[in-house]
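Structure first, commentary second.
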């Protein structure tokens, strides 16, 4: 077991709210500068930049995690992470069939660029990625678990799009095994409000949309050296690593 510095919530230039400088290569390079070892790419409702991020992360000695920030039918943001790129891409294809198609307006929402392994633009997502999908919270958790991944609420301490902000509570009847905080200092407040989350795994991640938002080497997880990605999945599912 070793300690790994991580950031498990990062957006690329594919997310409309992500800066155009958030290319897979720039993210991997900034992660290296910041001393991070594990980084998850979690664009809104798409995994299309995950292959490029995998390639760029490996060039920079970063352990890449392929994922997505899913907007559920309840308008709650959920982090979905997978042990393999193939599992993530298959989930991305599933989500793509359950999106509500609204044409993106780049002048308002920003571009949604798809990059290749050399960081070159190879396409642009035509339809807006930040709106709600037809997938419920419960269904998202079920599908991610079936693919060996994990699905948990994003930034529950944020005033918008977090589970607590949208639902007004942290539900007890959904099979969550983890949750994310945007600010680690808010943990005491939220464990007092919702004692049940003390039993869950948690992470603190940046939700970076700009290069300067990426986390510094502060938050760590103890994971097995021989199978880091699957060890991360086991931690987030509440299993022993």
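All of the numbers you see were taken from the coordinates with simple rules; none came from a lab. The model shown is predicted, which means the values in this text are computed figures rather than measured ones. Note: ideal-geometry Cβ built from the backbone for every residue, glycine included; neighbour counts use all protein chains shown.
So here's what we get for this one:
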item	result
Sorted by Cβ density within 10 Å, fewest first, the residues 177, 205	177, 205
Evaluated at q = 0.27 Å⁻¹: base-10 log I(q)/I(0), Debye formula over Cα of region 169-221	-1.13
Overall Cα dimensions of region 62-162 - principal axes, largest extent first, Å	33, 31, 27
Net length gained if the chain between residue 191 and residue 165 were fully extended (0.36 nm per residue, minus Cα distance)	7.8 nm
Modelled FRET efficiency - R0 25 Å, residue 138 with residue 102, Cβ distances, 0.05 increments	0.55
Chain lengthening between residue 90 and residue 118 when straightened (0.36 nm per residue, less Cα-Cα)	7.8 nm
Residue exposure sequence - 3, 180, 125 - by fewest surrounding Cβ within 10 Å	3, 125, 180
FRET efficiency estimate (nearest 0.05) - Cβ-Cβ, residue 210 to residue 174, R0 25 angstrom	0.20
Anisotropy class of region 142-241 from Cα gyration tensor, a/c 1.5 cut	oblate
Estimated inter-spin distance, residue 182 and residue 3, nm [label 7 Å along Cα→Cβ]	2.7
Hull volume in cubic angstrom per residue (convex hull over the Cα atoms of region 1-104)	105
Fewest-first ranking of 102, 203, using other Cβ atoms within 10 Å as the exposure measure	102, 203
Virtual spin-label span in nm between residue 225 and residue 131, 7 Å along Cα→Cβ	5.0
Measure of compaction for region 2-236 (Cα Rg per 2.2 N^0.38 Å)	0.93
Sum of -39500 (n - 2.57) over DSSP H runs of 4+, divided by residues of the chain (222 nm, nearest 500)	-7500 deg cm²/dmol
